[in-house]
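Working notes for the structure below.
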């Protein structure tokens, strides 16, 4: 697979899948970091977003398998859970702790009113499929 803005390059000829965005000439001749770079980044963002959704890491328009790498991300996780479940931040935080910081389990707990153990069993029966576990 190749992502390029020039379909006439050697790599384009070698690719089985070619994504060639047409951006026209750069404002600054010789620069490849402006329109061309932005177009390629947008294509990569679209592909990675679609892959995350296809792999089941998205619920509605929210990332659901976020790992708490720092305090900012940990706070974001609580806000995502509260929004996805329609509950308060404190309820989301409590469920997240009870679920061992597993967002998927915490969401099932919050939406279905289950314990962590019951939510885990439901997710396991659904083979990790969050929508199936939620009955959606």
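The values are calculated or read from the model by the stated rules, or taken from the named source; none is laboratory data. Just so you know, these numbers come straight off a predicted model, no measurement behind them. A quick note on method: Cβ atoms are made from the backbone with ideal geometry, for glycine too, and the neighbour counts reach across all protein chains shown.
Things to note:
- Just one of the listed residues (53, 84, 36) is in contact with a strand residue (DSSP E or B) (Cβ under 9 Å, 6 or more places away or on another chain), surrounded by 12 or more Cβ atoms within 10 Å (Cβ to Cβ) and under 30 Å from residue 4 (Cα atoms), namely 36.
- Tally of residues being part of a helix (DSSP H, G or I), within 30 Å of residue 62 (Cα to Cα) and modelled with pLDDT of 90 or more across segment 1-37: 0
- When every residue of segment 57-74 is checked against the conditions, at least one turns out to be assigned to a helix (DSSP H, G or I) and surrounded by 10 or more Cβ atoms within 10 Å (Cβ to Cβ).
- Residue list for segment 94-115, restricted to those being in a helix (DSSP H, G or I) and crowded, with 18+ Cβ neighbours inside 10 Å: 95, 96, 103, 104, 105, 106, 107, 108, 109, 110, 111
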